[in-house]
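Values quoted throughout were computed directly from the atomic coordinates according to the rules given, and no laboratory measurement underlies them. Here the structure is a predicted model, which means the values were calculated and not measured. Heads up, the Cβs are rebuilt from the backbone with ideal geometry, glycines too, and the neighbour counts pull from every protein chain shown.
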Amino acid sequence: MRRGIATLLAAAGLAFAMANTARAEELTIFWAEWDPANYLQELVNDYTKETGVKVTVETTPWTDFQTKTFREFAAKGDAYDMVVGDSQWLGAGSTQGHYVDLTDFFKKHNLENVFLPATVAGYAEYPIGSHKYWAIPLEGDANGWAYRKDWFEDPKEKAAFKAKYGYELGVPKDYKQLRDIAEFFYRPDQKRYGIAIYTDNSYDAIAMGVEQTIFSYGGDLGNYATYKVNGIINSKQAIEGLEAYHELYKFAPPGWGKAFFLEDNQAITEGLAAMSMNFFAFFPALANPTTNPHASGTGFFANPAGPTGAHFAALGGQGISIVSYSKKRDAAMKFLEWFVKDSTQKKWGDLGGYTCSKAILESQEFRKATPYNEAFYQSMLMVKDFWATPEYAELLDELNQRLYPYIVGGKGTAKEALDGVEADWTKTFNKYKRYSQK
Amino acid sequence: MITKLDVNSAASARGLTDITIRNLFILPTIAFLIIFNIFPLIYSLGSSFYDYSAASNQPAVFVGLQNYRDLLASPYIWSNFSITAKYVLVSVGGQVIVGFGIAVLLNRVIPFKGLITTLLLLPMMMSAAVVGLFWQLLYSPSWGPINYVFGLGDFPWLSDPTAALYAVAITDIWMWSPFVMLLSLAGLSAVPKHLYEAAAIDRASGWYTFSRITLPLVAPLLLIAIIFRTMEAFKTFDIAYVMSVQPTTELIAIRLYKLAFQEWQTGRSCALAYIMLIMVLAITNIYVKYLNQVKAR
């Protein structure tokens, strides 16, 4: 009897030890539910083959991504060892202790020179210019455009366009041309519309569309170093940029008041619009004939320049950070060492991920690999981001509240909307004592 | 001969008194209530007096009534309350008219009455998120059947700042009118038939019979339905959140969600939750007082 109990206890102990060993050899990465997350799972399977460490990419729908991540942070939970967080989260992730400081890791691997500068500044560094790093650029992304190349190249359309506007119909070089083309193709009686833009205001959709227009009109959201917004977010250039975005909305399909990536891709796949704004990460579906019946007639271009030649695109994409509450930080660090290797970055790009590796992005092989890679590369050289301060969610909500009624509802003027944003943001920065810190 | 039974004997034999057994049944419920209801209620009340973010790793700072003052001085919050009030009025008003109307129609001998009643109850058995998504399709400007049936062309129901709230309210009316119908039907079937017979002998008009007999007798149950629906409509989150992202459809519950889980202003969101609680209690009290008056008549 006693021997039986001893055997049972030994077996239980062995099982417990084995379970713990197995747990130590597993890593969990948390990301949003979209195609790049599937590509990442494919990529990390190689890491499992090489090291025996099982890596799982756990996902949740975009709408729930931020809430779920920060809920886990609030609980100081170790459910995720790494998180592929939005660029705007850097402030909260770093100053509130959720992310592990990767500055030494960055320097050890000379990553400032490995990755494209804009991606280092956008996905890894906080505060701006501090050379303190909290993430490794993982999925580069920017807001670009898809267009109906077949409509643009139709000789009848070309002739009609030239007769009306006095120049050749082609990929728009500036916002004026973008507006003209949108107007030209706006034909509600044919169920054909000019342009599909972001209008959803539940997260950062409308903000991304508007900010890149404001940037390209020579305006800005504020001074990211001093938090000054007065005279910047409501400057003449910013107002003109917002007016231009509002003008574009007039040429969108009916009911386009809640449009984000899904709707904007549908505008192309359903043959609704001539041009459609979207993040590059969503363009593979448009180049694929099984998901887009017009794939062969679809082209892509980077956000056009503004009237003064200023040229910007809104930064999308994410960096991968180690969660400070993870009990497997060393294993996560080893994984990142594997991830930043040139060979891994190459494979990541081949699988469909948007690598931020400078060498790969600049290579002709990458730029010619897909119909949208060249536009992506051009966009990544001119990306600019939203505020990444810890209170970014409040800033975003305040911006949404002011922009939406003007753009979609046609209420008030662009100046009134941006004066309102200026007042709200100043109040919020005061609340967080941003000015007294300076 | 009546034998006095020792009710404790069986339990006592096993070492358990009636009081112990009673406590064993009650204690888990009380523990559950304390852990999941009372403790969070008190904890959130305490949190509402602090500048505190659950996600920030920063210590909470006591600010007294500052959160309440800021919220009540915020034009956004008042705008959310005003949107909610309009929504409650339209939604509950519509549910009472439609629900009571259907109940009156069903309160007679008609073929397949049971089947019709069951079918009419289906909407309220569905998930609110599913109903929201379903109606989003019905409202689609390009190919939605609503615009087609009413000949409204490409009218963008859910993107139009004015129409969006009414579109959401119509969906809520569709979903919850059956609830009002059910309670009204219970009230209507309890009205004594002899009152109608007496009214018929006196040659009372249809309206007179309805306003002097039907309505007063159904009123208590109808008021209970209104109390429940007002409380629920005031807290509406799911349908509005799924259907529209307009600032004009941002009900107070959506604002609370954003404060708590998007902006992580934990202290302030607790304060807003308490403001909402006080408002719901005040509205309910007014209804209950009126209900008592109706019952006393």
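Give me, ordered by chain and number, the residues 5 or more places off A:Gly85 or on other chains with an amide H under 5 Å from its own placed amide H.
Here the answer is A:Gly319, A:Ser321, since their amide H atoms fall under 5 Å of that of A:Gly85.
If you find the alpha carbon centre of the stretch B:153-202 and of the stretch A:163-177, how far apart are they in angstrom?
The two parts, judged by their Cα centres, are 55 Å apart.
With labels modelled as points extended 7 Å from the Cα through the Cβ direction, what inter-label distance (nm, one decimal) is found for B:Val288 paired with B:Leu121?
2.8
What FRET efficiency, computed as 1/(1 + (r/R0)^6) with R0 = 30 Å and r the Cβ-Cβ distance, is obtained for B:Thr162 and A:Arg71, rounded to the nearest 0.05? Don't skip to the answer; put the middle values down first.
Values: r = 35 Å, r/R0 = 1.17.
Rounded to the nearest 0.05, the efficiency is 0.30.
For the stretch A:99-255, what is the Kirkwood hydrodynamic radius in Å, using each pair of distinct C-alpha atoms?
Values: mean 1/r = 0.0538 Å⁻¹.
Its Kirkwood hydrodynamic radius stands at 18.6 Å.
Only Cα pairs within less than 10 Å get springs; with that Gaussian network setup on chain A, which residue of A:Asp220, A:Asp174, A:Asp385 has the largest fluctuation?
Of A:Asp220, A:Asp174, A:Asp385, the most mobile in the Gaussian network model is A:Asp174.
Looking at the square roots a ≥ b ≥ c of the eigenvalues of the Cα gyration tensor of the stretch B:23-96, which shape do they give, rounded for a/c under 1.5, prolate if a/b is larger than b/c, or oblate? Each step should come with its number before you reach the end.
Working: a/c = 3.31, a/b = 1.16, b/c = 2.85.
Note, shape of the stretch B:23-96 comes out oblate.
Within the stretch A:266-282, name every residue whose backbone N is under 16 Å away from a label modeled 7 Å from Cα of A:Arg187 along the Cβ vector.
Counting only backbone N, you get A:271-275.
Could you pull out every one of the lysines with an alpha carbon less than 29 Å from that of A:Lys334, ignoring same-chain neighbours closer than 8 positions?
Of all the lysines, those that pass the test against A:Lys334 - Cα under 29 Å, at least 8 places apart if same chain - are A:Lys49, A:Lys54, A:Lys68, A:Lys76, A:Lys107, A:Lys108, A:Lys132, A:Lys346, A:Lys347, A:Lys358.
I'd like the Karplus ³J(HN,Hα) series for the stretch B:251-259: coefficients 6.51, -1.76, 1.60, θ = phi - 60°, whole numbers in Hz, and an x wherever there's a Gly or Pro.
Using θ = phi - 60°, the values come out as 5, 5, 5, 5, 4, 4, 4, 5, 4 Hz.
Cα to Cα, under 12 Å, and not fewer than 8 places away if on the same chain: which aspartates and glutamates meet these conditions relative to B:Lys86?
Within the straight-line limit of under 12 Å, B:Lys86 reaches these aspartates and glutamates: B:Glu250.
Test of understanding: in a Gaussian network model of chain B with alpha carbons linked when under 10 Å, which of B:Asp238, B:Asp154, B:Asp202 would top the mean-square fluctuation ranking?
B:Asp202
Could you give me D for chain A, from Stokes-Einstein at 37 °C and 0.692 mPa s, where the hydrodynamic radius is the Kirkwood radius over C-alpha pairs? Units µm² s⁻¹, please. Mind dumping the intermediate values first?
Numbers: Rh = 23.1 Å.
After rounding, the answer is 142 µm²/s.
Each residue of the stretch B:57-68 in turn: what ³J(HN,Hα) in whole Hz from Karplus with 6.51, -1.76, 1.60 and θ = phi - 60°, glycine and Pro shown as x?
6, 9, x, 6, 10, 5, 10, x, 8, 4, 4, 5
For the pair A:Leu262/A:Glu362, report the inter-label distance in nm, with labels modelled 7 Å from Cα in the Cβ direction.
4.0
How would you classify the protein assembly as shown from its alpha-carbon gyration tensor, with a ≥ b ≥ c the square roots of the eigenvalues: rounded for a/c under 1.5, else prolate if a/b is greater than b/c, otherwise oblate?
On the way: a/c = 1.94, a/b = 1.28, b/c = 1.51.
It comes out oblate by the Cα gyration axes.
Which lysines does A:Lys164 reach when only Cα atoms under 17 Å apart count, and residues fewer than 8 places away in its own chain are ignored?
Correct list for A:Lys164: A:Lys156, A:Lys176.
Report, in whole Å, the centroid distance computed from the Cα atoms of the stretch A:349-369 and the stretch B:223-256.
Taking the Cα centre of the stretch B:223-256 as reference, the centre of the stretch A:349-369 is 48 Å away.
Please state the relative contact order of chain B as a whole percent: Cα pairs under 8 Å, 6+ residues apart? Could the numbers behind the result be given before it?
Numbers: 299 pairs, mean separation 81.6, N = 297.
27 percent.
Quick check: pseudo-label points 7 Å beyond the Cα along Cα→Cβ at B:Ser82 and A:Glu337, how many nm apart are they?
Each label point is offset 7 Å from its Cα along the Cβ direction, giving 6.1 nm.
Which residue, A:Ala92, A:Ala281, A:Ala142, has the most motion in a Gaussian network model of chain A that connects Cα atoms within less than 10 Å?
Residue with maximal mean-square fluctuation among A:Ala92, A:Ala281, A:Ala142: A:Ala92.
Could you work out the local net charge near A:Arg148, counting Lys and Arg as +1, Asp and Glu as -1, over the other residues with Cβ closer than 12 Å to its Cβ? Working shown, then result.
Values: positive: A:Lys149, A:Arg192; negative: A:Asp150, A:Glu153, A:Asp154, A:Glu157, A:Glu270.
Residues close to A:Arg148 contribute a combined charge of -3.
Would you please give the FRET efficiency between A:Lys347 and A:Asp101, computed as 1/(1 + (r/R0)^6) with r the Cβ-Cβ distance and R0 = 22 Å, to the nearest 0.05?
On the way: r = 28 Å, r/R0 = 1.25.
Using R0 = 22 Å, I get an efficiency of 0.20.
Counting helices only, and only those DSSP H runs with n ≥ 4, report the 222 nm mean residue ellipticity of chain A as the sum of -39,500 (n - 2.57) divided by its residues, in deg cm²/dmol to the nearest 500. Kindly include the intermediate steps, with their values, before the conclusion.
Numbers: 21 runs with 212 residues, N = 438.
Value at 222 nm, helices only: -14500 deg cm²/dmol.
Skipping prolines and chain starts, which residues have an amide H placed within reach, meaning under 5 Å, of the one on A:Val57, given they are 5 or more residues away or on another chain?
Counting only residues 5 or more places away or on other chains, the set is A:Ile29.
What are the ³J(HN,Hα) couplings of the stretch A:252-269, residue after residue, when phi is run through the Karplus curve with 6.51, -1.76, 1.60 and θ = phi - 60°? Round to Hz, x for glycine and proline.
8, x, x, x, 8, x, 9, 9, 10, 4, 5, 5, 5, 5, 4, 4, 8, 5
Does the stretch B:67-296 come out rounded, prolate or oblate, given a ≥ b ≥ c as the square roots of the eigenvalues of its C-alpha gyration tensor, rounded meaning a/c under 1.5 and, failing that, prolate meaning a/b above b/c? Spell out each step's value before the answer.
Working: a/c = 2.60, a/b = 1.47, b/c = 1.77.
It comes out oblate by the Cα gyration axes.
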